[in-house]
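For reference, the structure is listed below as structure tokens.
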Amino acid sequence: MRARVAAAVGVALLGFGAARAQVPAAPPGTLPPVVAPADNPGSAAKVELGRLLFWDPRLSGNGSTACASCHLPALGMGERSTVSRGYPGTIHWRNSQTIWNAAHYERLFWDGAVGSLEAQAQSAATGAVAGNGNPAMMEMRLRFVPEYVRRFRAVFGTEWPRLTHAWQAIAAFERTLVSDPARVPFDRWVAGDRDALSPAAQRGWALFSGKAGCIRCHEGPLFADQRFHALGVPRLPQADAHVLLQVTARWQNLQRGVSREQYASGDDDLGLEYLTRDARDRGKFRTPSLRELRHTAPYMHNGAFATLREVVDFFDRGGGDAAAKPAWLQPLGLSDDDKRDLVAFLESLSMDELPAMPAPELPPTRPLPVAGARDGR
Amino acid sequence: MSGGARARAACAAILLLAAAAPAGAEKPPAPTARPPALQALPPQARVDTALAELGRQLFFEPRLSGDGSRSCASCHEPARGFADGQPLSRGYNGSEYFRNAPGLLSVRLKTRLTWDGRLDGADLATAVRDMVTEAHFMNADARLVQERVRQIPALMQAWQRAAGDASEPYAPRLFTAIAEYLRTLDAPDTPVDRHLRGERVALPPALREGLALFHGKAGCARCHHGPLGSDGRAHRLGVPASPAIAGDALRMITLLRHHATMGVPGYMDEREDLGAFVVSKVDADRGRFVTPSLRILTHTAPYLHDGSLATLEEVLDFHLRGGGAAGELAPVALEARERAALLALLRALSPPLPAHPESVPQDYAVLPRGRR
């Protein structure tokens, strides 16, 4: 039995680069340059337009909820709440992820529902528990902002702003939100500054890449394997007492087309299974990057853990309960000192201070002239 | 356009309108038809009272809107004849609407709904769905509404009384329930109705003269006939473009977005309300709006599709002048007594409103895990 499980695990891990966990790893380098998709090359003007749009609540149903409403610069481009606040009258069902380094993800959202920042922006702005924006309405709002009309024309060459281009501009802005290695202690240490890491953080790195095995999934410069794993993260304690969370969870299950039994029996977040329709993917979520953790509490897909120490404790226990939990997720037997060292290392992956990002002054909405509408504007 | 082209366009328009039915004054009356006349209100509709009661509660329920702030009653207030008293309705938060909210009493008798006639009066449930999910009205996701209802015990009790204990709410049936409630909202019967039914009624002389003028010299009945005093068709009165829209970016946004979603060619340049054109795409329908009901007018001021006239006197005088530029109306010269008689008739169709008890939204409740 044990042999069969081990063999199965071995097969499962072939594609994962499983051996890495056992071999002392070379420290990952700094993040490579961001590659923009061929159909949306970045430019200074596009990034600046995207920055304005990121803060613009006109890109929501009732004009209340901008991207920046749930991705706050002062909170590491995320939120402090477990699950995100969501659209007024609702609550979201997952933790708002940081935008820092999101440009390096192959899939976006915790279940990997979309494959580009452009698609993520659109999905978030239109989702009923996120932005709840109507596409045609949001597009028309942009067309009544003279400065946007000028900027979209300059960047995209269209007579009137198009919503697709708004998502492209926002994505271009987001691709500039990448950790600056000069501000990240671990990156400075890797670059040769031997004083950049405390002894505790250095011991933490050794644990991370060795005994604790974190690097199995948190690999590479992003400290993320771009894959999906079921850790058995506990339900939120309030999940069974929070009406709006229940409504949202059931609505998500309904609109994602789960089985009648699943819809009727509970509200668990099925994660990757929503996309693959494979019960073996139940409860799997995409490995998050470990960069900027110090600025982006709370943690996990539902924000269940408030501190890094809680996260380390969770992994030390071998994770939680999940049918799809991998066999290699086992209790680690870390000492208290080990845990402190790991946390010190994890904190060293964050910029010393996040750059200030003041909210831009948004350009005003103006009526279009009625007389002579056909004769030019 | 040449004469031939114009004739062809008119033919095309009639063909289109025969199919889509939202407009057009040109349709020739059937030769055998009696002259159109105001008619008495019909008997009450037969309704499913349990379903209508569910619909009543839903009508006053703000969680039927995207952000939980706007109910049907936000723009259709019972005390205002289910209109809102504003020249231009508010619409959803972050938006402003570009038309006047019509009253809803006897809405079941309308053949076309909304000022441009884009919705079928015989299908109130679909109209309700349109209002609930439309971005500029309530902007709600229908399935999210459904899941909210499941956690409002008072609504669930009403649902189960209407649909059975084992039944689970689903959005289309919720909209049908509101439609059923709307079918209970009748304009109050009046002495004029009893007179029109042939009952012996001591109608004041002014009302008798008003009725005679209405059907005769003043020509009102040409468009204002049937039990609502509406032909359900679209006409152009030549109401000047509303400065309240032209000066308000949020209303223009909603208007142009409406033109865009209705598939109007060159919609960015169509900055005035096109009316029935958005349905037919026939130029003759530009600026045509569906004839409103004449019931309970005194409770539903202001008037016209853009709410631009505040009083019945102004509306009557606008019609008697022959309307505005490029309108279909011809001027009518009336003596002051005759004008007063017509006004008396309109007021007689507006008796005091019956009480319409409002429903007070009840709290959500947590559902036990596993019982969803």
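Would you please name the residue that is farthest from B:ALA135 (Cα to Cα), looking only at residues in the stretch B:227-280 that are facing another protein chain (nearest Cβ under 8 Å) and among the acidic types (Asp, Glu)?
B:ASP269
When you go through A:ARG309, A:ARG366, A:ARG294 one by one, which is the residue that is in the same structural domain as A:ASP193 (by TED's automatic domain parsing), in contact (Cβ under 8 Å) with a residue 12 or more places away in the chain, out of contact with any Lys or Arg (no Cβ under 7 Å at 6 or more places or on another chain) and not aliphatic (A, V, I, L, M)?
None of the other options fit; the residue is A:ARG294.
Quick grid of which residues meet (1) surrounded by fewer than 21 Cβ atoms within 10 Å (Cβ to Cβ); (2) more than 13 Å from chain A (Cβ to nearest Cβ):
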| position | (1), (2) |
| --- | --- |
| B:GLY85 | yes, yes |
| B:SER89 | no, yes |
| B:GLY94 | no, no |
| B:LYS110 | no, yes |
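Please find, among A:LEU254, A:LEU245, A:LEU290, the residue that is under 26 Å from A:VAL114 (Cβ atoms) and more than 22 Å from the chain's Cα centre (by Cα). Let's see the steps before the verdict.
Working: A:LEU245 fails: more than 22 Å from the chain's Cα centre (by Cα); A:LEU290 fails: more than 22 Å from the chain's Cα centre (by Cα).
Of A:LEU254, A:LEU245, A:LEU290, the one residue that is under 26 Å from A:VAL114 (Cβ atoms) and more than 22 Å from the chain's Cα centre (by Cα) is A:LEU254.
Pairs only if they're at least six apart or on different chains, beta carbon under 6 angstrom, first in the stretch A:168-186 and closer than 24 Å to A:PRO199 by Cβ, second polar (S, T, N, Q); list them, first residue then second.
Correct list of pairs: A:SER179/A:ASN101; A:PRO181/A:THR30; A:PRO185/A:SER348; A:PHE186/A:SER348.
Looking at this structure, is B:ILE296 among the aliphatic types (A, V, I, L, M), out of contact with any Cys (no Cβ under 9 Å at 6 or more places or on another chain) and within 14 Å of chain A (Cβ to nearest Cβ)? Show your work before the answer.
Values: among the aliphatic types (A, V, I, L, M): yes; out of contact with any Cys (no Cβ under 9 Å at 6 or more places or on another chain): yes; within 14 Å of chain A (Cβ to nearest Cβ): no.
So B:ILE296 does not fit the description; no.
Can A:VAL149 be described as of a type outside the set (Lys, Arg), surrounded by fewer than 22 Cβ atoms within 10 Å (Cβ to Cβ) and assigned to a helix (DSSP H, G or I)?
Taking the combined requirement at face value, the residue satisfies it.
Would you check if there is a residue in the stretch A:48-70 being under 25 Å from A:HIS242 (Cβ atoms), within 14 Å of the chain's Cα centre (by Cα) and in a loop (DSSP other than H, G, I, E, B)?
Checked against the condition, which is being under 25 Å from A:HIS242 (Cβ atoms), within 14 Å of the chain's Cα centre (by Cα) and in a loop (DSSP other than H, G, I, E, B), the stretch A:48-70 yields no hits at all.
Looking at A:ALA201, A:ALA279, which is the one that is surrounded by fewer than 22 Cβ atoms within 10 Å (Cβ to Cβ), farther than 18 Å from A:ASN95 by Cβ, away from chain B (no Cβ under 14 Å) and small (Gly, Ala, Ser)?
Every option except A:ALA279 fails the conditions.
Working carefully through the options B:LEU41, B:LEU54, find the one that is closer than 25 Å to A:TRP251 by Cα and more than 14 Å from chain A (Cβ to nearest Cβ).
The match here is B:LEU54.
Search the stretch B:210-257 for residues being buried (at least 20 other Cβ atoms within 10 Å of the Cβ) and among the charged types (D, E, K, R), and hand back the single one that is farthest from A:ARG366 (Cα to Cα).
Selected residue: B:ASP231.
Quick one: A:ARG374 ticks every box in (1) assigned to a helix (DSSP H, G or I); (2) facing another protein chain (nearest Cβ under 9 Å); (3) at pLDDT 95 or above except a single one, so which number is it?
So the condition that A:ARG374 fails would be (3).
Only one of these is of a type outside the set (Asp, Glu), within 18 Å of the chain's Cα centre (by Cα) and under 22 Å from B:MET262 (Cα atoms): B:GLY81, B:GLY103, B:GLY85, B:GLY91. Name it.
B:GLY91
The values are calculated or read from the model by the stated rules, or taken from the named source; none is laboratory data. Being a predicted model, the structure only gives us computed values, none of them experimental. As a convention, Cβ positions derive from the backbone with ideal geometry for all residues, glycine included, and neighbour counts pool all protein chains shown.
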